[in-house]
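J.: I am attaching a structure below and will ask some questions about it afterwards.
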Amino acid sequence: MNLFFWLKPGLQIKRWIIINITGIILVFLGLNLFVERSIGIETKIGYIILLIIFGSALIALSVIKGLNNLINIITYSRYSKNLGTFRSQNSAYDKNLLSRGVKVVVIGGGTGLSVLLRGLKKFTSNITAIVTVADDGGGSGKLREDLGMLPPGDIRNCILALADTEPIMEKLLQYRFEDGTLKNQSFGNLLIAAMAGISDNFEDAIKRINDIFAVMGKVLPVTTEDVTLYAKLQNGQIIKGESQIPIKSLELGSPIEKVFMKPKKAAALEESLEAIMNADVIVLGPGSLYTSILPNLLIEDIPKAIEKSSAIKVYVSNLMTQPGETDGYSLGDHVKAIQNHINKNVIEYVYGNNEGIPEDILDKYKEEGADPVVFKERDRQYFEKNRIKLIQDNFVEIKKGYLRHNAVKLSEDIINIAINSKYINDKIKFMELNLIMKRIKSNGMLKD
């Protein structure tokens with residue numbers, strides 16, 4: 001580590017050096033006054049004692065705190081040498097920067113949420129992901145049925161998105177067994193199930209998993225109660241189960257009218273509500289509208305907390321419609337569905353893509369019944385009436401033939417909106433957060 005590393009702001013070393021020097025000066029002054037008093041110069045003994053005691057306290061505090069920070073930095077730096085170029089000698093500084101970043105709460109589930117989290121963690125470690133537990137299909141549904149536990153799938157994906165793990169560990173946790181009784185079950189789900197078995201409850205299990213994988217922020221289930229998602233279709237039929245809703249909607253040719261949860265009065269985690277109240281920005285989505293986002297908002301304390309929070313409220317739309325859920329939906333239709341379900345106009349900013357999608361990719365999605373989510377003229381009046389600001393840009397990224405949000409670009413824009421909207425009148429905080437953003441970009445922290 002070179003000299004310039006120690007001169008960087010944010011390591012919390014220089015402040016303890018300054019405090020130490022201040023303490024030494026105070027002790028020296030006190031001792032000097034004591035000597036003068038001994039040779040006849042009149043000075044109050046109480047004043048001398050106060051200077052010496054206060055100075056000594058500053059010296060002791062600065063030595064303890066400064067050495068602790070120094071040991072952490074050296075230890076982390078040495079540990080980081082074998083972990084790749086991103087984890088360089090500046091890692092302690094980088095982690096300190098991220099810990100001072102914007103406080104973000106992201107609400108949803110599914111692949112879209114985990115993609116966004118990978119982008120957000122490059123700008124802040126003050127992240128709380130509140131994740132749906134209504135899933136009843138696939139490996140998660142099987143564990144839910146067999147063990148009576150909450151479904152771990154979406155939670156697993158979010159933990160991995162925020163985790164500080166090596167690639168081999170991520171591959172291990174995402175590995176799905178191909179044969180036998182564990183066929184299609186992921187190792188990560190089994191790990192969470194095992195942790196739940198040795199913990200007091202599911203909430204405690206997830207907290208331990210967060211610690212094990214050094215999650216940047218925290219991942220929380222929206223509730224620890226066993227909830228079931230239902231949908232009422234426009235033909236009046238009631239469909240039970242998150243995994244069955246889009247299937248039955250397509251089979252019966254009847255769109256979703258609304259979704260609801262049983263039990264109706266399921267309680268949200270207190271920690272989630274506190275995170276919402278203390279957030280700088282709250283992000284809904286991206287994710288399946290009726291089966292990933294709305295199940296969280298059906299836990300009645302969640303929308304109440306969102307409404308009360310002073311945070312900026314953002315909705316990130318999916319790039320494509322989803323067969324059986326949002327067929328033919330415009331961008332405004334997604335927003336209306338959210339606000340109609342919670343009977344609150346809480347959304348302030350909406351993100352939508354306005355960039356064309358390559359024809360070969362588009363054709364593949366159209367074969368599955370999906371179309372781009374677009375902003376239509378009829379949406380404009382609704383947005384103006386509800387004072388919703390529309391942000392459109394090229395937020396598309398194509399990976400392995402699939403459409404994904406450009407997580408880094410989207411995250412940077414969301415963070416900047418939070419800074420420029422919430423802290424515009426707090427000049428000191430505004431300057432600090434903008435300086436942090438500049439240093440993150442200049443330090444090469446956005447590289448994979």
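The values are calculated or read from the model by the stated rules, or taken from the named source; none is laboratory data. From a predicted model like this one, the values you see are computed outputs, not experimental measurements. Cβ: placed from backbone, ideal geometry, glycine included. Neighbour counts: every protein chain shown.
J.: Collect the residues in segment 116-148 that are of a type in the set (A, V, I, L, M) and surrounded by fewer than 22 Cβ atoms within 10 Å (Cβ to Cβ), keeping them in residue-number order.
T.: Taking segment 116-148 and keeping what is of a type in the set (A, V, I, L, M), we get 116-117, 120, 127, 129-131, 133-134, 143, 147.
Across segment 116-148, the qualifying residue is only 147.
J.: Are there any pairs with C-beta distances below 7 angstrom linking a residue in segment 136-157 that is touching a residue at least 12 places away in the same chain (Cβ under 8 Å) to a residue that is of a type in the set (D, E, K, R) and in a helix (DSSP H, G or I), with the two at least 6 apart or on different chains, and if so which?
T.: 136/144; 150/144; 151/144
J.: Among the residues of segment 232-251, is there at least one that is more than 21 Å from residue 337 (Cα to Cα) and either touching a strand residue (DSSP E or B) at 6+ places or on another chain (Cβ under 7 Å) or free of Cβ contacts under 8 Å to residues at least 60 places away in the same chain (or both)? Step through it out loud before you land on a result.
T.: From segment 232-251, those more than 21 Å from residue 337 (Cα to Cα) are 251; that's our starting set.
Pick out the ones that are also either touching a strand residue (DSSP E or B) at 6+ places or on another chain (Cβ under 7 Å) or free of Cβ contacts under 8 Å to residues at least 60 places away in the same chain (or both) and you get 251.
Yes, the conditions are met somewhere in segment 232-251.
J.: Let me confirm something: among 171, 248, which residue is modelled with pLDDT of 95 or more, assigned by TED's automatic domain parsing to the domain that holds residue 104 and surrounded by fewer than 23 Cβ atoms within 10 Å (Cβ to Cβ)? Let's see the steps before the verdict.
T.: Values: 171 fails: modelled with pLDDT of 95 or more.
Selected residue: 248, the only one of 171, 248 that is modelled with pLDDT of 95 or more, assigned by TED's automatic domain parsing to the domain that holds residue 104 and surrounded by fewer than 23 Cβ atoms within 10 Å (Cβ to Cβ).
J.: Taking into account only those residues within segment 91-112 that are at pLDDT 95 or above and either among the aliphatic types (A, V, I, L, M) or buried (at least 21 other Cβ atoms within 10 Å of the Cβ) (or both), which is farthest from residue 405 (Cα to Cα)? Lay out the reasoning, then the answer.
T.: Within segment 91-112, the subset at pLDDT 95 or above is 102-108.
Subsequent filtering for residues that are either among the aliphatic types (A, V, I, L, M) or buried (at least 21 other Cβ atoms within 10 Å of the Cβ) (or both) retains 102, 104-108.
Details: 102: 21, 104: 18, 105: 18, 106: 15, 107: 16, 108: 15 Å.
Here the residue is 102.
J.: Would you check which residues across segment 99-121 are among the aliphatic types (A, V, I, L, M) and more than 20 Å from residue 221 (Cβ to Cβ) and list them?
T.: Step one: filter segment 99-121 for residues among the aliphatic types (A, V, I, L, M), giving 102, 104-107, 113, 115-117, 120.
Across segment 99-121, the qualifying residue is only 102.
J.: Determine whether segment 241-255 contains at least one residue that is in contact with a Gly (Cβ under 8 Å, 6 or more places away or on another chain) and of a type in the set (Asp, Glu).
T.: Scanning segment 241-255 turns up at least one residue that is in contact with a Gly (Cβ under 8 Å, 6 or more places away or on another chain) and of a type in the set (Asp, Glu).
J.: Still on this structure, I have one more. From the list 164, 146, 135, 154, which residue is outside any helix (DSSP H, G or I) and either modelled with pLDDT of 85 or more or not assigned by TED's automatic domain parsing to the domain that holds residue 112 (or both)?
T.: Working: 164 fails: either modelled with pLDDT of 85 or more or not assigned by TED's automatic domain parsing to the domain that holds residue 112 (or both); 146 fails: outside any helix (DSSP H, G or I); 154 fails: outside any helix (DSSP H, G or I).
Going through 164, 146, 135, 154 in turn, the sole match is 135.
J.: Please count how many residues of segment 374-405 are in a loop (DSSP other than H, G, I, E, B) and in contact (Cβ under 8 Å) with a residue 24 or more places away in the chain.
T.: Kept after step one, since they are in a loop (DSSP other than H, G, I, E, B), are these residues of segment 374-405: 374-376, 386-388, 394-395, 400-401.
Checking the rest, the ones that are also in contact (Cβ under 8 Å) with a residue 24 or more places away in the chain come to 374-376, 386-388, 394-395, 401.
Final tally of qualifying residues: 9.
J.: Out of (1) more than 22 Å from residue 378 (Cα to Cα); (2) more than 18 Å from the chain's Cα centre (by Cα); (3) crowded, with 22+ Cβ neighbours inside 10 Å, the odd one out for residue 335 is which?
T.: Going through the list (1) more than 22 Å from residue 378 (Cα to Cα); (2) more than 18 Å from the chain's Cα centre (by Cα); (3) crowded, with 22+ Cβ neighbours inside 10 Å, residue 335 breaks only (1).
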